[in-house]
1. Restricting attention to the stretch 453-464, does a residue exist that is over 30 Å from Lys342 (Cβ atoms) and at pLDDT below 90?
2. Go through Asn263, Asn194 for me and flag whichever is surrounded by 14 or more Cβ atoms within 10 Å (Cβ to Cβ), more than 30 Å from Glu121 (Cβ to Cβ) and in contact with a helix residue (DSSP H, G or I) (Cβ under 6 Å, 6 or more places away or on another chain).
3. Any idea which of (1) without any contact (Cβ under 8 Å) to a residue 60 or more places away in the chain; (2) open to solvent by 40 Å² or more (accessible area, probe 1.4 Å); (3) over 30 Å from Glu395 (Cβ atoms); (4) touching a strand residue (DSSP E or B) at 6+ places or on another chain (Cβ under 7 Å) is the one Arg554 doesn't satisfy?
4. Please work out which one of (1) without any contact (Cβ under 8 Å) to a residue 60 or more places away in the chain; (2) under 20 Å from Leu376 (Cβ atoms) is the condition Glu327 fails and give its number.
5. Which of the residues that make up the stretch 429-444 are surrounded by 12 or more Cβ atoms within 10 Å (Cβ to Cβ) and either of a type in the set (S, T, N, Q) or outside any loop (DSSP other than H, G, I, E, B) (or both)?
6. Do we have Pro139 as under 30 Å from Ser80 (Cα atoms) and in contact (Cβ under 8 Å) with a residue 12 or more places away in the chain here?
7. Which of the following residues is without any contact (Cβ under 8 Å) to a residue 60 or more places away in the chain, open to solvent by less than 30 Å² (accessible area, probe 1.4 Å) and within 30 Å of Glu380 (Cβ to Cβ): Ser416, Ser426?
8. Which of the residues that make up the stretch 307-327 are outside any loop (DSSP other than H, G, I, E, B) and under 45 Å from the mean Cα position of the chain (by Cα)?
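The values are calculated or read from the model by the stated rules, or taken from the named source; none is laboratory data. Note that this is a predicted model, so its numbers are computed, not measured. Counting neighbours? That spans all protein chains shown, and the Cβs are built from the backbone with ideal geometry, glycine included. The protein model used for the area step is the full one, side chains on, heavy atoms only, and it has no ligands, DNA or RNA in it. Shrake-Rupley method; radii C 1.70, N 1.55, O 1.52, S 1.80 Å.
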Amino acid sequence: MLTRNSLYLLLWILFDGGLLTPLQPQPQQTLATEPKENVIHLSGRRSHFQRVKRGWVWNQFFVLEEYMGSEPQYVGKLHSDLDKGEGTVKYTLSGDGAGTVFTIDETTGDIHAIRSLDREEKPFYTLRAQAVDIETRKPLEPESEFIIKVQDINDNEPKFLDGPYVASVPEMSPVGAYVLQVKATDADDPTYGNSARVVYSILQGQPYFSIDPKTGVIRTALPNMDREVKEQYQVLIQAKDMGGQLGGLAGTTIVNITLTDVNDNPPRFPKSIFHLKVPESSPVGSAIGRIRAVDPDFGKNAEIEYNIVPGDGGNLFDIVTDEDTQEGIIKLKKPLDFETKKAYTFKVEASNLHLDHRFHSAGPFKDTATVKISVLDVDEPPVFSKPLYTMEVYEDTPVGTIIGAVTAQDLDVGSSAVRYFIDWKSDGESYFTIDGTEGTIATNELLDRENMAQYNFSIIASKVSNPLLTSKVNILINVLDVNEFPPEISVPYETAVCENAKPGQIIQIVGAVDRDLSPAGQQFSFRLAPEAVIKPNFTVHDFRNNTAGIETRRNGYSRRQQELYFLPIVIEDSSYPVQSSTNTMTIRVCRCDSDGTILSCNVEAIFLPVGLSTGALIAILLCIVILLAIVVLYVALRRQRKKDTLMTSKEDIRDNVIHYDDEGGGEEDTQAFDIGALRNPKVIEENKIRRDIKPDSLCLSRQRPQVEDNTDIRDFIHRRLQENDADPAAPPYDSLATYAYEGNGSVAESLSSIDSLTTEADQDYDYLSDWGPRFKVLADMFGEEESYNPDNVT
């Protein structure tokens, strides 16, 4: 054990410099002799007044990692100068792993590791040791700190943390071209031995690639590696520690290397001649065939451009590149005609768009092939001789007049007859007809240029041998004008002349319009009608430019004598046949100022002597209308107010009943009828006697006492109140209450019918004659009625 620990100590001195530090450095201490075993001496302390000689100690221990022995691994020994071997000193241990990883013999101070250690998990442990008196349990000297380092062994293989790797290098690269750098990591101690010194090598991938054993840089090992031959390479890399020596641990990784493409191959046509067959009916712009050149390159290096070499067919065909398939699409630029030419031959050139100058020496990067196109005959529809037919016809041309013809031919071999007909969709009203065999077009109705000046319709031609094959052409027919309408004067038809006009004054310039289509240079002439030539008040002056002026012939005009003048004007055109018309111009005499400005021409002129203008007249009319409206509104308000007063007096009878409070027995009669019952019958108390309905059990006949003459009205009303109060069949209100007591002061006494006799026959109206002349009419009325009583007739 002593030899092994001494060997560990020697190795530590070689690699770590043999650090020697005192636990408690003293200036007067000296270096002690190296102990013969791994021992740390703890300085002793005898008394407070005696100088103690302290010794220098090693402050590090070493322990092997991954120890697999059956006994705990001995680490070292602690020893105090105060320990005389008498068993009075006790050693204690604290710090990292004390008690769990490391234990100490309390008597001898021997330290052991009780479990296997891994340097990669924890490279060292820091602990503290102390010597204690067994009896007093007091420290014999201060606590000392030391380190236990885990001695590394080669127990970890190199690892490629970033693997597997993916790399690329251009094809055709020279030898030594850089590809990729790999790196392996070894968890062992790089400062101790060769456990962490890694060496790289290739296990698979030679002879194409090589690797630097120290740096791990991968490079190409062969020149001109061709992607088209082999594109993917898988290289197996090994990293071994211990400098690659026997017994070292190794790790591997895979590097996938791809050769990227360069443009080192020109396009090539798989064959020199391409044969295509195209129907002659193929539309212009359509694709009639495809050819393809093969380029083994990839991506943009394989992009091909196709061109037609100038020559036969260069102006009939075109070629473009399909970006997805890199094929050449041949398209038709002009229509084909089997009857004209049956075959075409031309050359197509294929070349790369992106060239690499490094490979120009290999030859031109293009290829040429021949294309032969055979035109196939197709049964085609008839062909018109013109793309558009334009015809002219005069309006009012008789029905059935031929105005033109169309021609269509079948150009196929063994041509067929052609039939013509009008497309009904374009000539729905059938203004024209066509001869189905000859193609002549005739009018079917009278045409009027003023209604429609141009007709546009289509004619369809079909083959007799195959009616489904048709062609269509547009027909444009212009309707020519015939001079059938006379010219007319253009607006205005009315003008004015001032009363103070002078002779020879132009008061209006007129023009002419013609509903016919006026030819170039059309001229209109103006003159007075023959009936107006004799003593004319006005004349017409023709300016010879299709306009004329109305000229005065008198010195002043009087509106009082004649307000309106009618001037007949004859207008004539210059077309054939000549057409003319007489137009009447109305001339109104107006009052003007000295400058010729018209002041008035209408009815208000009658007010001019009093100096009233149009504005003044309008103001007067507005005032009159406002006054009338005020009067009507006032009368309506008066009528409404009177009507409201009458309605109020008539409709307030029920309120008067409540106001007088003389129903029943008066204010002291608490059992009198409550007028509220009429408004809400539900408010009547249940314990009161209902006076508004007739009781079933009680039915008393009403007896009316005889009314004596000259009976005071108060006594009569009192009796009637008592009678009605006792009568359960009485109505819920007493109409007598509306008449109050009228008193005794009236000469005619009361006008009420309360004291009337029981029957009308018993009443005497003679007293009305005694009331004076005011009641004479009433007395005569009732007196006549009494005298005419049928009961008195014998």
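1. Our first condition is that a residue be over 30 Å from Lys342 (Cβ atoms); within the stretch 453-464, this holds for 453-459.
Imposing the further condition that a residue be at pLDDT below 90 reduces the set to 453.
Checked against the condition, which is being over 30 Å from Lys342 (Cβ atoms) and at pLDDT below 90, the stretch 453-464 yields at least one hit.
2. Values: Asn194 fails: more than 30 Å from Glu121 (Cβ to Cβ).
Sole residue among the options that is surrounded by 14 or more Cβ atoms within 10 Å (Cβ to Cβ), more than 30 Å from Glu121 (Cβ to Cβ) and in contact with a helix residue (DSSP H, G or I) (Cβ under 6 Å, 6 or more places away or on another chain): Asn263.
3. Status for Arg554: all satisfied but (4).
4. So the condition that Glu327 fails would be (2).
5. Phe432, Thr433, Ile434, Thr440, Ile441, Ala442, Thr443, Asn444
6. On the way: under 30 Å from Ser80 (Cα atoms): yes; in contact (Cβ under 8 Å) with a residue 12 or more places away in the chain: no.
In short, no.
7. Numbers: Ser426 fails: open to solvent by less than 30 Å² (accessible area, probe 1.4 Å).
None of the other options fit; the residue is Ser416.
8. Going residue by residue through the stretch 307-327, those that are outside any loop (DSSP other than H, G, I, E, B) are 307-308, 317-321, 327.
Those that are outside any loop (DSSP other than H, G, I, E, B) and under 45 Å from the mean Cα position of the chain (by Cα): Asp318, Ile319, Val320, Thr321, Glu327.
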